[in-house]
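Quick notes on the structure that follows.
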Amino acid sequence: MLLLVAAFASGLHRHVSLETLRENYDAWREWAGAHPALAGLGFVALYAGAVTISLPGALWLTMAAGVLFGWAFGGFYAWLGATTGAVLIFIAARTAFQDAIRARMGGKLEKFRAGFERDSFFYIVMLRLIPLPFFLVNVAPALFRVRIATFAGATALGIIPGTLAYAAIGAGVGEALAEGARVDLSLLSDPRLVLGFLGLAVLAVMPVILRRAGLLGGAGRS
């Protein structure tokens, strides 16, 4: 919590945006090309840190991964960073901050209890496929004694579709930037953006599909 407050106080959250990426694209892409391994590890660490302190902007970071590294490597780096950060905040939520989170959010999280008790792995995968706050799905399992291995495995599996969709969109934007094109509606003809948006469209209807199948109960409702 203190780290999140410090991040906002320093204005760090304002730099996590597509505009910042556009302004620094040439320099960052050149450096990443010259130091691919270091750039990849650095991005994973940055993403994991942002998720750990629940800094807004994970969507833009995933797109940035696609811009800088392409959809495949970018998707992998974003996936690894997101999974690592989620596990770190899960561990913090079930140890040092469990009492504080339970006191503040315990009532709101009770609707998840039945799902975690029935099949925690499957339930976490389902929750990752619907548009719930990433932080919420990171801390909720910690209050219901879900095993770390179960949480990590389900998270790693469940975030793959969304991560690849946003990375694909980023890859399309990156290609346009590399060619000196304008970032505007004309980009919608790029196949990577089309596939990315199709993926997001599928994810958008997942709550309805899963609820009708009786797999979510009330978890998909705000």
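The values are calculated or read from the model by the stated rules, or taken from the named source; none is laboratory data. Since the structure is predicted, the reported quantities are computational estimates derived from the model, not experimental observations. All Cβ positions, even for glycine, are placed from backbone atoms using ideal geometry, and neighbour counts span all protein chains on display.
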Original post:
Is it the case that some residue within segment 155-178 is crowded, with 16+ Cβ neighbours inside 10 Å and farther than 26 Å from F69 by Cβ?
Top reply: no
**OP:** Confirm whether L38 is loosely packed, with under 15 Cβ neighbours inside 10 Å, over 26 Å from F151 (Cβ atoms) and either at pLDDT 90 or above or not acidic (D, E) (or both).
**Re:** yes
Original post:
Looking at (1) over 18 Å from I169 (Cα atoms); (2) at pLDDT 90 or above, which is the only condition G74 fails?
Top reply: (1)
Original post:
Which residues, counting only those in segment 123-149, are free of Cβ contacts under 8 Å to residues at least 60 places away in the same chain, part of a helix (DSSP H, G or I), surrounded by fewer than 16 Cβ atoms within 10 Å (Cβ to Cβ) and touching a helix residue (DSSP H, G or I) at 6+ places or on another chain (Cβ under 9 Å)?
Top reply: L136
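So, G70, is that one at positive phi, touching a residue at least 12 places away in the same chain (Cβ under 8 Å) and in a helix (DSSP H, G or I) or not?
Considered against the rule, which asks whether it is at positive phi, touching a residue at least 12 places away in the same chain (Cβ under 8 Å) and in a helix (DSSP H, G or I), G70 comes out as yes.
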Subject >> Verdict on A82 being surrounded by 23 or more Cβ atoms within 10 Å (Cβ to Cβ) and not basic (K, R) >> reply: yes
Original post:
Quick one: is L21 in a helix (DSSP H, G or I), closer than 22 Å to A72 by Cα and modelled with pLDDT under 65?
Top reply: yes
